[in-house]
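Colleague: Handing you this structure, nothing more for now.
What follows is calculated from the coordinates using simple rules that are stated; it is not laboratory data. Values in this document were obtained by computation on a predicted structure and should not be read as measured data. Backbone-built Cβ (ideal geometry, glycine too); neighbour counts: all protein chains shown.
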Amino acid sequence: MRRSALLICTCGGTVAEQIAADRLVAVKSPDLVRIASDLCSPEGRRRAAAWLCESAADSLVTAACAFPPVASAVAEVATRAGISPGLVRLVDLRECCAWAHPDPRESAAKAERLVVASLEGIKAPEVTASPAETPVTGRVLVIGGGTAAAAAATRLLRLGCPVTVIRDTGAPGSGSDDESSGGVETIEGRLERLTGQVGRFLAAVRTPGGLETIEAGAVIATGGKGERPLDTASAPESSGRSPAVAFIMPVEPRPDAAEAVLSAAVRLAEEQGGRCLVFFSDIGVAAPGLEELYLKARGVGVTFLRHADGSLEAEREGNGWSIRVDLPGVGLLDESVDALVRVDAPAAPCGGELAGALSISSGDGGWIPGEAMAVAPVGTERPGVFVAGTARAPATSRQAAVQGDAAAVAAALAISSAAAAPHLGAVVDADRCAMCLTCFRTCPHGALEIGTGSAVRVMPWACRGCGICAAACPAGAVQVVESPNGRMLAELDSLARGAAAGGPGQVIAFACANSALQAVQALGRLRRAYSSRIVVVPVPCLGRMEPLHCIRPLVAGARKVLLCGCYDRSCEHLEGPRRARTAAARARDLAVVMGVDPDAVQVWSVAPVDWHRLHQIFEDATGAGPAVGEAAGRGRIHAI
Amino acid sequence: MRSDAAVTRARHRSDPSWGGRVGAASGEAVGLCYGCGVCSGGCPLASHMDLLPSRLMKAVQLGLRDRVLSAASPWLCVACQTCAVRCPNGIDLSRVMDAVRHEAIGDGREGARPEIHSFHRWFLRTVRLFGRAHEGLLSAGFSLQAGQLRRDLPTGLALMRRRRLALLPHRVRRIREVRRLFGRAGRGRP
């Protein structure tokens, strides 16, 4: 019999107003209880760790909040106390209970349900083997040899991270900085493939000497030096008078184009007394330093003319050009200039190849735009892979330096949080494995290998813990430590029965940790109330869902089962939503056989920031009971 | 609102040195204007102007001499300073308008609205004579010159009957000082 410990954090009183900690304890008495209020402080964590080590518990349920450092701290505490990561459960008392349900009775009852279910879950017989311990690597791989790479390497060295720089001998800008920097290992080569996950990447690099593998905790992709289209533009030789030059900017100029045009125009006007006309439709100076340059250009007499696309006519006239443009309300401008410079959008120096090697998506022209400009400006959809400088978009050297610096800090942070968290991933029960190779075929990351033994092996370098293999394994031999099947089912049974307060009729909402779970937490933080009958069950990816997970709660008395996860194109594990839809379809077939409502199983796509949509989904699931089709007919949300 | 298609459709060649001269005469950094149009948006006379203040600035920057000098806008500007207060680049447009008016006079042109210049001259004449404006002489002189005495006379007589228009001017005590001011302005006879 396991010795389970319950650690409750009342969040400095924030939760205590709504939920009485001692009542939570009374409902289902665990073996050991500790009530704290300061798990987010180092001191509070130290005390909790000491208590846990002394108590000799072998499983832990923590009822706290969704603040990420708390989750990683709890995992750290449990690892130190020798508890298998599969037997650690975190219940979100704050965002999912106290903050989401204004009525104290409702939030307290929901907290009880969640805590009881988690305690029952960790008691279930389970595979407890932890995956092979793989240490986190502090080394950061920087791809590229330009300003962003130099800025990133400098910052990383200052942060104490070893750095490996991969420079492509053929790429533009390589060899631009030939400093022999201490602590930086430089490899001439090209990245071919990146496997593994944050903290534990394995990079295959093609060098002149052959294929090399490098272990790294994080990767920063930068471009080459980047193209500065007008660096060489100078005034044409014209005798006797100062030259006149017209620049035509692209419709949506990238900052480097704007910088190049502005600095060339300033040089021309200042040094040679030339006359500059700059035709633009968007001046594009929203980058550090460019507003000042624009001001300077106007100060030295450069004339800026806005023109609609296509309204400018230019034809050769002697040695120069004759330009005609309609200035609205002023008239037709008829100008002769000595030179006409048309600036076009440059192509990505690295093409889509780099994105392919990193298994991330690239945008138009092979640029890697990054995940979200506002939320994670240097992040990509692959955790632990960052992008800066001219790999992202044409950038001025100042921008590239700022981005390289930011990426370095983000990479160091990612590695340190990966080091604090236990490595969650798939484990294989060799006794059950029939070597059918279903997992081998389904794993989106190629993390399973066929060895010489009688069972498949998980490569911890490559496994990203999505659980798609666990859902696919017909023998139940593959499990993910983060959400083992036995524990999931025990929890679901408890929740669906309404074993604690609440009774049957709950709505079980599975939430993908990459998307819907973040929206759920946002709902809590924004105090957007929804029915307390909605119980959120976090899963690493919707690909983890099996038909049984959907049907079993319905049979046990749940009203609905919602599968909320990423959109198809943004799933980190590529196949999650598609597999969830397949699982839901099978569950619906089963529902007909079992005599429960097949429409009770629904699959939804929710972006991490789209809490509004999630709220609508929750409202509809607990409302008067509109079916999926009706909800879609309203035009607000769409069933998939 | 004058919308003279012939003017706006005419082809213009720029003369940057002229633009620079107007800028220097006004003492304003004309080049800094980036054409946001706040001046045109706030101008109380914009609806009467044929060349909006912001567009006039663009034309001055380019040195479109004929376009600027043939426009009525500089003559319509009443120097209320709304544009100067609102300009994000700190340009005082009324001073630029002033410089343009001087350019027009120097060029022998009085723009699209010569009667406005005539009114200004009559106003200054009365100030020079009496040290303060005299509406009687001002309106009589202006009406005579503009050839609209017939139209303005009944109004003037009605005003006199109600003692709103003095027949005899008031003189300031030290008229010499006013004349000295005129002399120092250096532009001679207005």
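Colleague: Could you tell me whether segment A:485-540 comes out rounded, prolate or oblate from its Cα gyration tensor? Rule is a ≥ b ≥ c as square roots of the eigenvalues, rounded for a/c under 1.5, then prolate if a/b exceeds b/c, otherwise oblate. List each step's numbers first, then the result.
Modeller: Details: a/c = 3.18, a/b = 1.28, b/c = 2.47.
In terms of gyration-tensor shape, oblate.
Colleague: A further question follows. Using the alpha-carbon atoms, what tilt in degrees (0 to 90, nearest 10) does helix A:516-525 show relative to the longest principal axis of chain A?
Modeller: 90 degrees
Colleague: Related question: With contacts defined as alpha carbon pairs under 8 Å and 6 or more residues apart, what's the relative contact order of segment A:378-522 in percent? Please list the in-between numbers first.
Modeller: Details: 165 pairs, mean separation 24.7, N = 145.
That works out to 17 percent.
Colleague: Would you calculate the separation in nanometres between label points at A:GLU291 and A:LEU211, each defined as 7 Å from the Cα along the Cα-to-beta-carbon direction?
Modeller: In this crude spin-label approximation the distance works out to 5.1 nm.
Colleague: If you take all C-alpha pairs in the protein assembly as shown, what percent of them are over 50 Å apart?
Modeller: Distances greater than 50 Å cover 43 percent of the Cα pairs.
Colleague: Moving to a separate point now. I'd like the mean, over residues of B:48-58, of how many other protein chain beta carbons sit within 10 Å of each residue's own Cβ. Mind dumping the intermediate values first?
Modeller: On the way: counts 0, 0, 1, 3, 3, 0, 2, 5, 2, 0, 9.
Mean inter-chain Cβ contacts per residue within 10 Å come to 2.
Colleague: Which residues does the label zone of B:ALA185 cover in segment B:134-155, counting backbone N under 17 Å from a point 7 Å along Cα→Cβ?
Modeller: B:134-135, B:138-139, B:142
Colleague: Moving on. What lysines sit close enough to A:LYS560 to cross-link, taking a C-alpha to C-alpha distance under 28 Å and skipping anything fewer than 8 places away on the same chain?
Modeller: A:LYS28, A:LYS110, A:LYS123
Colleague: For a Förster distance of 35 Å, can you work out the FRET efficiency between the beta-carbons of A:PHE440 and A:ARG398, rounded to the nearest 0.05? Intermediate results must be reported in sequence, preceding the final value.
Modeller: Working: r = 48 Å, r/R0 = 1.38.
It comes out at approximately 0.15.
Colleague: Another one. For segment A:9-51, rounded, prolate or oblate, judged on the Cα gyration tensor with a ≥ b ≥ c (square roots of eigenvalues), a/c < 1.5 rounded, else prolate if a/b > b/c?
Modeller: Cα axes put segment A:9-51 in the oblate bin.
Colleague: Moving on to the next point. Residue by residue, what Karplus-based ³J(HN,Hα) values in Hz, rounded to whole numbers, does segment A:61-71 have, using 6.51, -1.76 and 1.60 with θ = phi - 60° and x for Gly and Pro?
Modeller: In residue order, the calculated couplings are 10, 10, 9, 9, 10, 9, 5, x, x, 5, 4 Hz.
Colleague: I'd like the orientation of helix A:485-497 relative to chain A: the angle between its Cα long axis and the longest Cα principal axis, in ° from 0 to 90, rounded to 10.
Modeller: Relative to chain A, helix A:485-497 is tipped by roughly 70 degrees.
Colleague: Let me ask something additional. Identify unpaired cysteines across chain B, taking unpaired to mean no other cysteine Cβ lies under 4.7 Å from the residue's Cβ.
Modeller: Cysteines lacking a close Cβ partner in chain B: B:CYS33, B:CYS36, B:CYS43, B:CYS77, B:CYS80, B:CYS87.
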